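The values are calculated or read from the model by the stated rules, or taken from the named source; none is laboratory data. Computed from a predicted structure; not experimentally measured. Virtual Cβ from ideal backbone geometry, glycine too; neighbours counted across all protein chains shown.
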Amino acid sequence: MTEQFSMVSVRLEAISKDLNTAATFFFASPTSALGSPKQGDNKTAHHDQITQRQAHQLGDYVFDLHKPLFIDDIYAHPLIVRNDILFGHRIRAFAGTPMIDSLGRKSGVLCTVDTKKRLWSAQDGAVLQAFSRSLQSNVDSYERA
């Protein structure tokens, strides 16, 4: 399992680098092979606790919507209500996509965030979804092993 978490961390760092974002997160569904993180398991790249909590709240929207969500400016987005998601003003832009396993079940959310507003391009979406498919393929392989 530790090897699997290490692979996830390396890929998350690659996503942040490719998209030039502040942080990237993978939030696993409790039913996925990776399950909920244990204390000390790192499935994020370059984060602090407030950023991670805010990204997780936005990731919950993606999980519930069952489709990608791209927010250029959370302060201006109609889905976001001024509540504790804005506490600390860490996240300004968000891009997330659900991860779907080989059986069609939602296994988690892959998302990346930035501290400044930005226009997400179609290329950004394609990169995020390509990483999502690749990561899910590895998780599926792990579940079969």
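Write out, first by first residue and then by second, each pair whose Cβ atoms fall under 8 Å of each other, whose residues are 6+ apart or on separate chains, and whose first residue, in segment 62-80, is under 20 Å from residue 129 (Cβ atoms) while the second is among the charged types (D, E, K, R) and outside any loop (DSSP other than H, G, I, E, B).
Every condition considered, the pairs that remain are 63/106; 66/106; 70/124.
Could you name every one of the strands (runs of 3 or more DSSP E) located completely within segment 43-135 that has at least 2 residues being modelled with pLDDT under 90 and surrounded by 13 or more Cβ atoms within 10 Å (Cβ to Cβ)? Talk me through it step by step, then tell me what you get.
On the way: elements: 69-71, 93-100, 106-114.
Per the criteria, 93-100, 106-114.
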